[in-house]
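The values are calculated or read from the model by the stated rules, or taken from the named source; none is laboratory data. All values derive from a computational prediction rather than experimental measurement. So basically every Cβ, Gly included, is an ideal-geometry build from the backbone, and we count neighbours across all protein chains shown.
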Amino acid sequence: MALQDKKNKTIFTKTGDGNDKVDSAKITELETKFENAEHIQDSGSFAQLGIVYLQLQNVSEELDELRRHLTYDFSGGTGGQGPKGDKGDKGDTGDAGARGADGADGAAGGVYGDKIKILPTAFMGNDDASLERTVIEDDVRGKLAVRVASSSQEIFATVAIPEGKSVTGCRVYTNSKLTTYLNGIDLTTGVMSELASGFSNETINLKNSYSSTSTNYVAIKIMTTTTSQLIYGAVIIIE
């Protein structure tokens, strides 16, 4: 910021304009009046006082302008806002979070290691009898099982295969040796295909594993022949 035009105005000078004698006389006159306090008593002194006041005002304005000039030009005034900087580079992607905990086993069975547990309540009798009656058997103290209520019935349990897993076999637990089948089912059509067969209380292994899809499941069929045959549960073996 440049220094603005000066504001003081010379009323008279002591030297330099060729009228030194006149200017000196004016100064002497003013000094004499102030020394003798005539400017207080003599109303005529107001003219001289006005000149002095005007001169002091001009000097004060000039000093203010010098102060402003020194403050802003030499110490540096506040500059305007600079242009906005370029956008910074995108930061690195953070590390992946820790794997969540595995869900708990379901109330009606569930996966445990390489097995899907099948509880007695998952079994149902077929329609070979006039009424489908599959009952929980608890007549033997300290034991629980399921049985059919008609010797004409067979008993089934259907099981979903977890996504990404394949069935490799099954095992059924009973109180006697019963013929057992493992079948693959298409849930959209009900079409059933036999995967393997064998006996209860033995592991039945598939020749070829049966992989999970969005539309398949497996069914265990047990060939019960009397109402005294008890099924305690079963497992589907997966990998």
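Does residue 173 meet the test of being within 19 Å of residue 117 (Cα to Cα), surrounded by 13 or more Cβ atoms within 10 Å (Cβ to Cβ) and free of Cβ contacts under 8 Å to residues at least 60 places away in the same chain?
Here the answer is no, as residue 173 does not meet what is asked.
Scan region 221-233 and tell me whether some residue there is closer than 16 Å to residue 161 by Cβ and either of a type outside the set (Val, Ile, Thr) or free of Cβ contacts under 8 Å to residues at least 60 places away in the same chain (or both).
no
Considering only residues that are surrounded by 10 or more Cβ atoms within 10 Å (Cβ to Cβ), modelled with pLDDT of 70 or more and not in a strand (DSSP E or B), which ones fall in region 78-114?
Correct list: 114 only.
Which ones in region 176-220 are outside any loop (DSSP other than H, G, I, E, B) and without any contact (Cβ under 8 Å) to a residue 12 or more places away in the chain? Talk me through it step by step, then tell me what you get.
Here is the first cut: in region 176-220, the ones outside any loop (DSSP other than H, G, I, E, B) are 179-186, 192-199, 204-211, 216-220.
Passing the criteria: 193, 207, 208.
When both residues are 6+ apart or on different chains and their Cβ atoms are under 7 Å apart, which pairs have a first residue that lies in region 114-134 and is under 20 Å from residue 234 (Cα atoms), and a second that is aromatic (Phe, Trp, Tyr)?
Correct list of pairs: 120/232; 123/156; 124/156; 126/156; 134/123.
Return yes or no: is residue 225 polar (S, T, N, Q) and at pLDDT below 95?
Taking the combined requirement at face value, the residue satisfies it.
Could you list all residues from region 118-153 that are of a type in the set (D, E, K, R), in contact with a strand residue (DSSP E or B) (Cβ under 6 Å, 6 or more places away or on another chain) and at pLDDT 90 or above?
Result: 137, 147.
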